[in-house]
1. So, in the range 78-95, exactly how many residues are surrounded by fewer than 23 Cβ atoms within 10 Å (Cβ to Cβ) and in a helix (DSSP H, G or I)?
2. So, of the residues in the range 1-38 that are at pLDDT 90 or above, part of a helix (DSSP H, G or I) and of a type in the set (S, T, Y), which turns out to be surrounded by the most Cβ atoms within 10 Å (Cβ to Cβ)?
3. Suppose we filter the range 63-77 for residues that are surrounded by fewer than 20 Cβ atoms within 10 Å (Cβ to Cβ) and in a helix (DSSP H, G or I); how many remain?
4. Kindly provide the set of residues from the range 66-84 that are in contact (Cβ under 8 Å) with a residue 12 or more places away in the chain and over 11 Å from the mean Cα position of the chain (by Cα), ordered by number.
5. Report, ordered by the first and then the second residue, all pairs with beta carbons closer than 6 Å, sequence separation of six or more or different chains, a first member in the range 46-61 that is at positive phi and surrounded by fewer than 24 Cβ atoms within 10 Å (Cβ to Cβ), and a second member that is not in a loop (DSSP other than H, G, I, E, B) and not hydrophobic (A, V, I, L, M, F, W, C).
6. Among (1) assigned to a strand (DSSP E or B); (2) among the hydrophobic types (A, V, I, L, M, F, W, C); (3) free of Cβ contacts under 8 Å to residues at least 24 places away in the same chain, where does M105 come up short?
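The values are calculated or read from the model by the stated rules, or taken from the named source; none is laboratory data. From a predicted model like this one, the values you see are computed outputs, not experimental measurements. Cβ coordinates were reconstructed from backbone atoms using ideal geometry, including for glycine residues, and neighbour counts include every protein chain displayed.
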Amino acid sequence: MGVYDEYAKHVLTGSFGPRFDTTSNVLFSFGEDGGTGTVDGTIDDRVAVEVGVGSPKQIRGGLLDLLWHSYPVKLLLLVDTPGHSTRRSVGQAGAILVETSSPGMVIRLSGNSTADETHVEYDQRKVSEVVGTYLSGAEQNLVRILDMVEGSHAVVSFDKAEAPFRSPNHQAGQRL
């Protein structure tokens, strides 16, 4: 899945330059007996970044790493691959961030190859806009979901009684 991870990192580097860091502050601890984990990068010592590629289960695993990282804002970038659409993961990740009251963004990129400059430029612009809004302090206690493939956009406040991702009868963690 390396080429698709690289696409997302190319978008982030184009959006933030050296402010997107893949080497420092990416390690975190699961405690004395739990070892360490990593995220794919950070932005400005405030945003932990994870790239989601693959099945929904794999993406939820990456989201767990993201949630465990100490930075206050979480960014999950989803990249479709041949054979794996991340459409379902958009809603799942949004619901998890809302349920855990974790300020963050879930962005499904429109492209998956650096060869397609139209998608690269569009993805870089949109990622820069959405993350820039968070970094400016204009948004707090929100989860922003942007699906650039489907063209949908949602903003959910933790103060809302119900997240739009589940039925009104569903309780968090309830077995279905």
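1. 5
2. If we take residues in the range 1-38 being at pLDDT 90 or above, part of a helix (DSSP H, G or I) and of a type in the set (S, T, Y), then Y7 is surrounded by the most Cβ atoms within 10 Å (Cβ to Cβ).
3. 4
4. W68, H69, S70, Y71, P72, D80, T81, H84, listed by residue number.
5. Short answer, once both residue conditions are applied: G54/H84.
6. (3)
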